[in-house]
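These notes concern the structure reproduced below.
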Amino acid sequence: MKTKPFGRTGIQVSELCLGTMAFGGDADAAEAARMYRAARDAGINFFDTADQYNAGKSEEIFGELIRGQRDDLVIATKCFNPTGSDVNARGANRRHVRRAVEASLKRLGTDRVDVLFLHHYDALTPLEEHMRSLEDLVRSGKVLYPAVSNYSAWQTQAALGHQERQGWARLQVIQPMYSLVKRQAEVELLPMAQANGLGVVAYSPAGGGLLSGRYLQAGATGRHTANKAYQVRYGDEWMHATAAKFVGFCKQRGWHPISAAVAWVGAHPAITAPIVGARSLDQLRASLDSVKIDITPEVRSQIAALSRTPAPATDRNDEQK
């Protein structure tokens, strides 16, 4: 597996990042261990988790798996979402972020995380407070590189500006949703990241499994039928039509659609690494095989044509033709 520069940090990460959302949930400790070993055997050194995943179980299981290998890995975790019933056990304020990171470090069994993502934008807390939360942890040595997930382009750019004015450690990576059926990041987020030298770690590169083709079958069940959030996120008819065309495109070339979906995301020049996750080792193998597919610019354009291209950031774009 190849490695890529990680933002402006000077370190290298694998071209795939293993997400551990299923650890302690759909994947018990034994299955999580099998997936972790397969990822390491494939050459992955970059892992993503969050304090919210399965009420901390993901971090606990992952912490056990990395014993004796910690210094060989780049580990990212996230905080923001509720971690308890208390009204203040959430958000991007300094009080919660500090407590959340200390709890994550304990579960992970480490003295620092390489990357801390603020999981969502906190509309109740001033943006400069978000960044001060990160700066305090960088100064303490508990976080090496600050990062944000699910922030818009303007929010991220404003955060960078505030950090630069204060002389604080700058954001090094962002984590947006990005797939063939979720391409909004192409409009402003990815160009903004490239302009600022930010790494981009994209989640849900296979559209939460929609691009696998399994939901094209009558009576198919899974997250898209049981989870209301996924029904909203991927419920548009054109997305399912895109999935059908994409599966047919892959079949003609002998590609597993999950492998091709991940490879398509990873081939965007702004992307550092897609996050791949699974409920079992059998599911994970297709994502790991994505590195075997060579997505040329021509092929990437052919696949993109199967989907809707998001509108440009300005309404006057066509006047320049």
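Pairwise Cα distances in the chain exceed 37 Å in 13 percent of cases. For K57, the lysines whose Cα falls under 28 Å of its own Cα, not counting residues fewer than eight places away in the same chain, are K78, K106, K142, K228. Quotient of the Cα radius of gyration of the range 42-132 and 2.2 N^0.38 Å, N being its number of residues: 1.10. Under a model in which nothing but the beta-carbon of Lys, Arg (+1) and Asp, Glu (-1) is charged, the chain shows a dipole of about 220 debye around its Cα centre.
Excluding H240 itself, what net charge comes from residues whose Cβ is under 14 Å from its Cβ, given Lys and Arg +1 and Asp and Glu -1? Computed value for this residue: +3.
Note on the range 226-265: Kirkwood hydrodynamic radius from all Cα pairs is 11.2 Å, rounded to one decimal.
Toward the positive end of the charge dipole of the chain, about the Cα centre and with charges on Cβ (Lys, Arg +1; Asp, Glu -1), which of H119, I271, A261 goes farthest? Most positive-ward Cα: A261. Summing charges over all other residues whose Cβ lies under 12 Å from the Cβ of L180, with Lys and Arg as +1 and Asp and Glu as -1, gives +4. Peptides 170-177, 265-272, 291-298, 150-157 ranked from most to least packed give 170-177, 265-272, 150-157, 291-298, packing being the mean of other C-beta atoms within 10 angstrom over each peptide's residues. For D136, the shell of other residues with beta-carbons less than 14 Å away shows a net charge of +4, using +1 for Lys and Arg and -1 for Asp and Glu. Peptides 103-111, 236-244 ranked from most to least packed give 103-111, 236-244, packing being the mean of other C-beta atoms within 10 angstrom over each peptide's residues. Taking a straight line from the alpha carbon of K2, these lysines sit under 21 Å away, with near neighbours fewer than eight places off in the same chain left out: K292. Classify the range 242-300 from the C-alpha gyration tensor, please: rounded if a/c falls under 1.5, else prolate or oblate depending on whether a/b exceeds b/c. Taking the square roots of the gyration eigenvalues as a ≥ b ≥ c, the range 242-300 is oblate. Note on the range 58-179: with charges restricted to the Cβ of Lys and Arg (+1) and Asp and Glu (-1), its dipole about the Cα centre is near 200 debye. Among W168, G199, W154, which residue has its Cα positioned farthest towards the positive end of the charge dipole of the chain, with +1 placed on the Cβ of Lys and Arg, -1 on the Cβ of Asp and Glu, and the dipole taken about the Cα centre? Going by the charge dipole, the pick is G199. Residue ranges 23-32, 251-260, 91-100 sort as 91-100, 23-32, 251-260 when ordered by packing (mean number of other C-beta atoms within 10 Å per residue, highest first).
Coordinate-derived values only; no laboratory data. Please read all numbers here as calculations on a predicted model, not as lab measurements. So basically every Cβ, Gly included, is an ideal-geometry build from the backbone, and we count neighbours across all protein chains shown.
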